[in-house]
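Quick one: this structure, given as structure tokens, is what I'll be asking you about.
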Amino acid sequence: MLPRSRSALLGSLEHYMVAENEGSIVGCGGLQPYPSTCGEIYGLATCDRHSPRGTGRAIVTALVQNARSNNLSQVFALTLAPGFFEKMGFRTVEHVDLPMKVWKDCVACPKFGNCDEIAMILDLN
């Protein structure tokens, strides 16, 4: 996950979903819409010890449904766990296929030019 300032985190709260189990937050993820009818699934995380099996899948499914409800045609993710996203129908693409992400966040990332994350897209149509 990219480091973010406190104000950036506060500004993105409206895009997040959380998963709760027995009164504890056990996972989260966000959906950042982009002007080109595309959105990014980001900040996906689950608690190793307390999240029930399938928590990550449930969060991504809810975020994809949110994207569909907002008439987005694609969602993408940058991930170190491509197998998880492949099982959900995402396909691998090159980072340059995501110019809006590259110029918004990647250019300021310490890993820029040496990124180890895999870019993946899910077509919603």
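Considering only the range 54-66, I want to know if a residue exists there that is within 16 Å of the chain's Cα centre (by Cα) and part of a strand (DSSP E or B).
no
Something else: Go through the range 4-59 and give me each residue that's surrounded by 13 or more Cβ atoms within 10 Å (Cβ to Cβ), at pLDDT 90 or above, among the small types (G, A, S) and farther than 22 Å from D116 by Cβ.
Passing the criteria: A19, G27, G39, A58.
Follow-up question, since we're still on this one. Inside the range 84-122, can you point out the residues that are more than 17 Å from G43 (Cα to Cα), assigned to a helix (DSSP H, G or I) and at pLDDT 85 or above?
E86, K87, D97
Here are the criteria: (1) exposed (fewer than 13 other Cβ atoms within 10 Å of the Cβ); (2) at pLDDT 80 or above; (3) outside any helix (DSSP H, G or I); (4) under 13 Å from the mean Cα position of the chain (by Cα). Tell me which single one M1 does not satisfy.
Checking M1 against (1) exposed (fewer than 13 other Cβ atoms within 10 Å of the Cβ); (2) at pLDDT 80 or above; (3) outside any helix (DSSP H, G or I); (4) under 13 Å from the mean Cα position of the chain (by Cα), the one that fails is (2).
Let me ask something else. Please tell me if L44 is of a type in the set (A, V, I, L, M), part of a loop (DSSP other than H, G, I, E, B) and touching a residue at least 12 places away in the same chain (Cβ under 8 Å).
Spelling it out, it is not the case that L44 is of a type in the set (A, V, I, L, M), part of a loop (DSSP other than H, G, I, E, B) and touching a residue at least 12 places away in the same chain (Cβ under 8 Å).
Also: Considering G39, G43, which residue is farther than 16 Å from L122 by Cα and within 14 Å of the chain's Cα centre (by Cα)?
Unique residue meeting the criteria: G43.
In addition: Within the set of pairs 6 or more residues apart or between chains, which connect a residue that is of a type in the set (S, T, N, Q) inside the range 63-82 to a residue that is outside any strand (DSSP E or B) with Cβ atoms less than 8 Å apart?
Close Cβ pairs satisfying both conditions: N71/T37; S73/T37; S73/L124; S73/N125; Q74/T37; Q74/L124; T79/F85; T79/E117.
Among the residues of the range 67-83, count how many are of a type in the set (A, V, I, L, M, F, W, C) and in a strand (DSSP E or B).
Here the count works out to 4.
The values are calculated or read from the model by the stated rules, or taken from the named source; none is laboratory data. Since we're looking at a predicted model, the values are computed, not measured. Every residue, glycine as well, gets a Cβ built from its backbone with ideal geometry; the counts of neighbours run over all protein chains shown.
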